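Notes to accompany the following structure.
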Amino acid sequence: MNTQTTHSPGRQLPHRRKPFKTKGRWESPIAGYLFISPWLLGFLLLTLWPMAQSVYYSFTKFTLLDVPEWVGTRNYERIFADDDTFRQSLKVTLLFVVLSVPVKLFTALMVAILLNKKIKGISIYRTLIYLPSLIGSSIAVAVLWKNIWGIDGFINKLLSVFGIKGISWISTPGTALGTLILLVVWQFGSSMVIFLAGLKQVPTELYEASAVDGASKIRQFFRITLPMLSPVLLFNLVLQTIGSFQMFTQAFIITKGGPVNSTYMYALYLYDRAFSRYDMGYASALAWILLVIIGLATAIIFASSRYWVFYETEAGKK
């Protein structure tokens with residue numbers, strides 16, 4: 001019996017690939033580590049090693065001039081038991097986060113909706129509106145902002161036109177924090193771009209179908225836009241929350257924590273402890289407490305997201 005395989009003349013047998021054989025040292029797994037070695041070296045020396053040192057210093061008395069002296073948990077005990085400035089700075093920072101993040105995200109979303117139009121020159125408008133986010137965190141802008149809200153600044157000159165006597169907004173405890181919040185809200189460009197990208201992904205069919213059913217613009221916003229943008233909103237919320245907890249430059253340049261510690265941010269207090277009082281061990285403990293606080297805030301946001309974030313796939317809901 002002939003067992004030779006036959007096939008029709010017009011049919012070709014599937015091509016069999018030859019097994020891949022590695023040749024040379026550059027095709028070994030070591031090659032991958034060699035290629036990422038610059039990043040890996042930077043991560044080990046500039047990130048991981050400083051973090052490990054910071055953990056060690058947080059359990060020591062270290063003034064940068066002397067040899068670190070192991071004190072155990074004494075720094076943490078002093079922070080939670082005796083440090084009123086810690087509690088004040090944490091209170092100011094939490095208030096800043098709670099007030100600035102929602103206003104900034106709301107402003108970014110509203111502007112993104114306005115810029116999500118097909119009109120002539122819309123790209124120019126988007127660029128101009130995004131521009132403050134590129135320079136908003138610079139020292140020059142902080143100095144300019146300080147002059148705008150000063151006693152002889154632009155705001156008071158504008159109020160004087162209407163016969164209103166202005167105040168020193170950055171030197172008054174009740175308004176100083178508000179000026180910093182306005183400066184941060186003014187830098188909404190990055191969040192706006194992310195919202196704008198999310199709006200581009202919302203199917204227009206949903207708006208057309210709802211319009212046929214008689215849904216108003218406000219109803220479309222709450223029933224279509226917000227649910228479809230909820231994953232993007234979650235992303236922006238996490239980023240802005242983390243960034244707000246680390247707010248430093250504006251408070252340092254504009255108010256230096258005053259008046260009467262009304263703008264004394266947590267990061268500013270950490271900086272003063274480390275580089276004004278040279279208490280690096282205490283500052284390291286403050287830094288790790290801030291890391292835990294940010295981690296808890298982020299965990300709370302993610303835990304609550306199951307109730308308000310909408311995903312199209314069933315896998316995303318789980």
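The values are calculated or read from the model by the stated rules, or taken from the named source; none is laboratory data. These figures come from a predicted structure and were not determined experimentally. Using ideal geometry, Cβ is built from the backbone for each residue, glycine included, and neighbour counts are taken over all protein chains shown. Areas reflect the complete protein model, heavy atoms only, side chains present, ligands, DNA and RNA absent. Shrake-Rupley method; radii C 1.70, N 1.55, O 1.52, S 1.80 Å.
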**Asked** Can you tell which of 232, 202 is part of a helix (DSSP H, G or I) and of a type in the set (A, V, I, L, M, F, W, C)?
**Response** 232
**Prompt:** Can we say residue 260 is of a type in the set (A, V, I, L, M), touching a residue at least 60 places away in the same chain (Cβ under 8 Å), surrounded by fewer than 15 Cβ atoms within 10 Å (Cβ to Cβ) and farther than 28 Å from residue 53 by Cβ?
**Reply:** yes
**Prompt:** Looking only at the stretch 17-56, which residues are at pLDDT 90 or above, open to solvent by 100 Å² or more (accessible area, probe 1.4 Å) and farther than 30 Å from residue 72 by Cβ?
**Reply:** 39, 41
**Complete:** Counted residues in the stretch 208-240 being in contact (Cβ under 8 Å) with a residue 12 or more places away in the chain and among the charged types (D, E, K, R) come to 1
**Asked** Restricting attention to the stretch 186-195, which residues are open to solvent by 20 Å² or more (accessible area, probe 1.4 Å) and among the hydrophobic types (A, V, I, L, M, F, W, C)?
**Response** 186, 188, 193, 194
**Yes/no for residue 167 being open to solvent by 40 Å² or more (accessible area, probe 1.4 Å) and either of a type in the set (Val, Ile, Thr) or more than 23 Å from residue 106 (Cα to Cα) (or both)** = yes
**Residue match in the stretch 57-65 (condition: loosely packed, with under 11 Cβ neighbours inside 10 Å, farther than 22 Å from residue 264 by Cβ and at pLDDT below 95)** = yes
**Prompt:** Across the stretch 148-157, which residue is surrounded by the most Cβ atoms within 10 Å (Cβ to Cβ) among those that are part of a helix (DSSP H, G or I) and over 27 Å from the mean Cα position of the chain (by Cα)?
**Reply:** 156
**Fill in**
Counting only helices (runs of 4 or more DSSP H) wholly inside the stretch 34-101, the ones holding at least 1 residues that are under 30 Å from residue 178 (Cα atoms) are 74-82
**Prompt:** Under the condition of being assigned to a helix (DSSP H, G or I) and of a type in the set (Gly, Ala, Ser), which residue from the stretch 118-135 is surrounded by the most Cβ atoms within 10 Å (Cβ to Cβ)?
**Reply:** 133
**Request:** Only residues in the stretch 159-172 that are under 30 Å from residue 252 (Cβ atoms) count as the first member; pair them with residues that are part of a loop (DSSP other than H, G, I, E, B) and aliphatic (A, V, I, L, M), Cβ under 7 angstrom, at least 6 apart or cross-chain, and list the lot.
**Result:** 168/151
**Fill in**
Cβ pairs under 6 Å, 6+ apart or interchain, first in the stretch 300-311 and aromatic (Phe, Trp, Tyr), second in a helix (DSSP H, G or I), ordered by first then second residue, are 310/227; 310/230; 311/317
**Request:** Would you point out which residue out of 183, 177, 115, 109 is of a type in the set (A, V, I, L, M) and either out of contact with any helix residue (DSSP H, G or I) (no Cβ under 6 Å at 6 or more places or on another chain) or open to solvent by 70 Å² or more (accessible area, probe 1.4 Å) (or both)?
**Result:** 177
**Asked** Mind checking which residues of the stretch 207-260 are farther than 30 Å from residue 142 by Cβ and of a type in the set (Lys, Arg)?
**Response** 217, 219, 223
**Request:** Tell me, yes or no, whether the stretch 206-224 has at least one residue that is within 30 Å of residue 169 (Cβ to Cβ) and open to solvent by 50 Å² or more (accessible area, probe 1.4 Å).
**Result:** no
